[in-house]
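Undergrad: The structure follows.
The values are calculated or read from the model by the stated rules, or taken from the named source; none is laboratory data. Keep in mind the model is a prediction, meaning the values are calculated, not measured. Here the Cβ positions follow ideal geometry from the backbone for every residue, glycine too, while neighbour counts run over all protein chains shown. To get the accessible areas, we keep the full protein, side chains included, count just its heavy atoms, and leave off ligands, DNA and RNA. Shrake-Rupley method; radii C 1.70, N 1.55, O 1.52, S 1.80 Å.
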Amino acid sequence: MAQKVTIEPVTRVEGHGKVTIHLDDNMNVAQTRLHIVEFRGFERFVQGRPYWEAPVLVQRLCGICPVSHHLAAAKALDVIVGAGTGHGLTPTGEKMRRLMHYGQMFQSHALHFFHLSSPDFLLGYDADPAIRNVIGVAINFPELATQGVLMRKYGQEIIALTAGKKIHGTGAIPGGINKNLTIAERDSLLHGAGPLNIDQMVAWADGALQFFKGYYMKNREFVDNFAYFPSNHLSLVRKDGALDLYHGVLRAVDTNGNKILNDVDYQDYFNYIEEDVKSWSYMKFPYLKHLGKEKGWYRVGPLARLNTADFIPTPMAQKEFEIFKAHTNGKPNNYCLHTHWARLIELLHSAEVIKDLLNDPDLQKDDLVVKGTKQKEGVGLIEAPRGTLFHHYRINDNDQIEMANLIVSTTNNNEPMNQSVNFVAKKMMNGQAQITEPMKNAVEIAIRAYDPCLSCATHALGKMPLDIKLYNATGEILDHFKS
Amino acid sequence: MSEIVKFTIDGKECQGKKGQLIVDAAADNGVYIPVLCHMRDLIPAGSCRICTTKVNGRYMAACTTPVDEGTVVENDTPELLDIRKAIVEMLFVEGNHFCPSCEKSGNCDLQALGYKYQMMAPRFPYAFERRELEASTPKIFLEKNRCIFCKRCVRVIKDDQGRSVFAFKGRGKTLQINIDKKLAANLSDEMAKKAMDICPVGAILRKEVGFVEPIGTKKYDHKPIGSDLKNIYQ
Ligand code: SF4
């Protein structure tokens, strides 16, 4: 008898969603779907607002990575105020924003690893869910848990000193930034009290990465076989092919590493990317236009970034990048759980970039804003912790926003997350009549690897606990789990 | 020379000039009475009522009532504080105020009074009035949703022939602040800045300079409203 399994809500991810798994008469998985059930509509209610309000208003989409929205919107508005993109800003303007962004990346990646995913690594994927959480980590691995909290705190301090406050600041303004970094502020980050200094952060980031690699060596078979599926990968890269999380050109590679989007200017993203709408989810499905819906979907985020970039421009992370690349003989890495590995390499890279920026005297200069000839339309892209984030605005003659289009990282990862769920469901549930705890957790682990922010993806608010339902062919609930 | 009179505020002995408005005399004696519509040296409007005090036992607006010899003013009493809190709440529900993305946040007198009176959720239902934005003048973005009808802009921002750039339109529920587009077209940067500064809320915004002031440097970022008695009334 055919059945339907519903997992709702999914836990330890940002936002709220559910999974349904349809089983056919032979109890094999026929279809899986990750439904995003939140809706907000920021693109609509930003219409009519003065354009300079967008970086402050739209970041309210998210309490997790508001900095990414703040900066993506500011980058779009740089174009509108005639400051151009990327290097069009003053050195202080650009570097302050970079510091804000890498601080955000550092705290977000630390949060994801230590608070959201480490319970699975440290306590075991099949451990009792009552202890497989951040509290379990705090009790059993107090030192690691403390590091996680302090790394997040450090990243948040950077955000406060660049954006004005830890959450929902106002630092980035069209054409630049509204403050520089004083010597005292800089020194508090370089040589702060106790462990809150940049050298300790670099060391801890490296420690987390080495910990994961150690775990990987012991559990290689599980990690590699968990959810492997080929896909395209998309991200910004610096013009010379380096990993750059703040600015660059748009590149996509296929599963063999061939460039299918060759370093194009993202101002024209709509020539390359289209979004599909499906009736069962509020989240859209973006794909590369020239490849079509079926073949054009792609992954974004840490794994995709390390697949598209040619190198990492900081020494420690570059060394780790080489080890990471060697694992797949230089080809794109399609192992879903290697996203954690890639994320930790980025964590280390972010710490190194922060250190370089803090030692750069441009941060103390006063030339903060650039403006030129006003434009009617602008696009801002940034590599948010979870992947490429698109902001696109058009204004009218009265400086009011008349059109906004946002494609957030998690939306870009919509199809890959569905693919992962499908892969795991088939592997774990084919032929099963009952939902077991490892099955439920496996589905969540697959989603969690993307560190999805479902609130952002539908521009919605909430947290995402897990709910799974098992239906038979007539729609009767056979089994139900709710966390 | 005007005659000096003695009066008390909450029992404190004060001195002022006969006929001086109670709010101004209080400030001169180091006592804060909140204001939103009042500005020193302007003809009083008495429109917001946030300065409600008890004068010789009767509720009076301190911005329209003069001091006299022996006037007894009650200012800082639980009853008056609650009345003021209720007024702040009414002003919030009557307009459409969204502090999180308002560039006046930190410089806004209404928001600062909300904090001062520890307003949580307003006790009144939201009116959700539909008000249009006026964005078509070159220097000013008029956010009518946030206007509290203090009339400061109408009284202060004038062209060189003394004509008001701002004016009220409609009555009662339909009352709205308006800007004269012709006069606004010739508004200097200085006057546009002044208009934004004197507006006690975020209704008058200068175009293109939003959020240029970093968090931490705004009027009420470090000290609550009423701490700086010399500058509260401009
Ligand atoms: S626009 Fe501002 S200054 Fe003018 S009446 Fe309204 S609140 Fe008062």
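Undergrad: Accessible area of A:HIS191, 1.4 Å probe, to the nearest 10 Å²?
TA: For A:HIS191, solvent-accessible area is about 130 Å².
Undergrad: How large is the helix-only mean residue ellipticity at 222 nm for chain A, computed as the sum of -39500 (n - 2.57) over DSSP H runs with n ≥ 4, divided by its residue count, in deg cm²/dmol to the nearest 500?
TA: That comes out to -12500 deg cm²/dmol.
Undergrad: Relative contact order of the stretch A:33-87: what whole-number percent is it, with Cα pairs under 8 angstrom and at least 6 residues apart?
TA: Value for the stretch A:33-87: 24 percent.
Undergrad: Would you mind calculating the relative contact order of chain B from Cα pairs under 8 angstrom and at least 6 residues apart, reporting the percent as a whole number?
TA: 19
Undergrad: May I ask for the angle, rounded to the nearest 10°, between helix A:66-80 and the longest principal axis of chain A, with both axes built from Cα atoms and the value confined to 0 to 90°?
TA: For A:66-80 against chain A, the angle is about 50 degrees.
Undergrad: If I take every Cα pair under 8 Å that is 6 or more residues apart in the stretch A:230-333, average their sequence separation and divide by the length, what percent do I get for the relative contact order?
TA: 30
Undergrad: May I pose another question? Normalise the Debye intensity by I(0) for the protein assembly as shown, one equal point scatterer per Cα, no solvent, then take log10 at q = 0.05, 0.09 Å⁻¹ and round to two decimals.
TA: Here log10 of I(q) over I(0) equals -0.30, -0.86.
Undergrad: How large is the convex hull of the Cα atoms of the stretch A:200-318 per residue, expressed in Å³ as a whole number?
TA: Cα convex hull per residue, to the nearest whole number: 152 Å³.
Undergrad: Let me ask something else about it. Got a sec to turn the phi values of the stretch A:264-270 into Karplus ³J(HN,Hα) couplings, 6.51 cos²θ - 1.76 cosθ + 1.60 with θ = phi - 60°, whole Hz, x for Gly and Pro?
TA: Those phi angles translate into 8, 6, 6, 4, 9, 3, 5 Hz.
Undergrad: So, how do all the Cα-to-Cα distances of the stretch A:116-267 break down into 5 Å bins, in percent, from 0 on up?
TA: 2, 7, 11, 11, 13, 16, 16, 14, 8, 3, 0
Undergrad: Between chains A and B, what is the buried accessible area in Å², counting both sides, with a 1.4 Å probe and ligands, DNA and RNA left out, to the nearest 100?
TA: Protein heavy atoms only, the A-B interface buries about 1800 Å².
Undergrad: Follow-up question, since we're still on this one. With every protein chain left in place and a probe of 1.4 Å, what is the accessible surface of A:THR411, to the nearest 10 Å²?
TA: 10
Undergrad: Let me check I've understood the local charge: for A:LYS319, count other residues with C-beta under 13 angstrom from its C-beta, Lys and Arg +1, Asp and Glu -1. What total comes out?
TA: Spelling it out: positives minus negatives among the neighbours equals -2.
Undergrad: Still on this structure, please answer the following. Please compute, for peptide B:211-220, the average count of beta-carbon atoms on other protein chains lying within 10 Å of each residue's beta-carbon.
TA: 6
Undergrad: Further question on the same structure: Would you pull out the residues with amide H under 5 Å of A:ALA30's amide H, same chain only if 5 or more places away, H placed 1.01 Å from N?
TA: A:HIS22, A:LEU23, A:ASP24
Undergrad: Take the alpha-carbon positions of the stretch B:4-76, form their convex hull, and give its projected area averaged over all directions (one quarter of the hull surface) in nm².
TA: 4.1
Undergrad: Further, regarding this structure: Which of the chymotrypsin sites (Phe, Trp or Tyr not before Pro) found in the stretch A:247-309 are loop residues per DSSP with 16 or fewer other Cβ atoms within 10 Å of their Cβ?
TA: The qualifying sites are A:TRP280.
Undergrad: Once you list every other residue whose beta carbon is under 13 Å from the beta carbon of A:TYR272, what net charge do they have if Lys and Arg are +1 and Asp and Glu are -1?
TA: Here the count lands on -2.
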